1. Which of (1) 11.5; (2) 8.2; (3) 10.2 is the computed mean projected area of the Cα convex hull in nm² for the structure on display?
2. Convert 37 °C to kelvin, take the viscosity as 0.692 mPa s, use the Kirkwood radius over C-alpha pairs of the stretch 40-112 as Rh, and evaluate the Stokes-Einstein diffusion coefficient in µm²/s, rounded to a whole number.
3. Based on the Cβ-Cβ distance of Ala97 and Leu144, what FRET efficiency does E = 1/(1 + (r/R0)^6) give at R0 = 25 Å, to the nearest 0.05?
4. Quote the relative contact order of the stretch 2-145 in percent (integer), defining contacts as alpha-carbon pairs under 8 Å separated by 6+ residues.
5. Just name one of Met145, Leu59, Ser70: the one whose Cα is farthest towards the positive end of the charge dipole of the chain (beta-carbon charges, Lys/Arg +1, Asp/Glu -1).
6. Calculate how large, on average over all directions, the projected area of the Cα convex hull of the stretch 101-146 is; give the answer in nm² to one decimal.
Amino acid sequence: MSVVNELFPKEYGYVAFVLVFYCFFNFWMAFQVGHARRKYKVPYPTMYAIEAENKDAKLFNCVQRGHQNSIELMPVFFVMMILGGFMHPITSAVLGAIYIVTRYFYFTGYASGDPSKRLSIGRYGFLALFGLMICTMSLGINLLMR
């Protein structure tokens, strides 16, 4: 346990909790996709429905795309949270929480069937990611200056 105490600042626990919360959020989005598969009759392993074959293809694809986009950005989010949190754990945790809230609005807006609704609040997630990039750059600068 002393190794953990030496490696991580005390407040790093907030970063860990935000990362776990995002995992639960990702599971919730996956369940929404599963529900949409049943509702719009899109069987596995079909990734995206084809409009010529399914009248509800656009509705399903919007749910699927909202989740897929979140998965595509997850590695960037996780790396920036983990690294930026070493130097700025509370700031990173707050930015991570903001990112998750904006992702929720991004997903639910997209899943509505009108892709433009994903940007109402969802667009601000990139500001949170940018803040996490700054925290990570601060860590890099600090490591190079010691």
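1. (3)
2. Estimated diffusion coefficient is 235 µm²/s.
3. My answer for the efficiency is 0.30.
4. 27
5. Going by the charge dipole, the pick is Leu59.
6. 3.2
Values quoted throughout were computed directly from the atomic coordinates according to the rules given, and no laboratory measurement underlies them. Keep in mind the model is a prediction, meaning the values are calculated, not measured. Glycine gets a Cβ as well: all are built from the backbone with ideal geometry, and neighbour counts include every protein chain shown.
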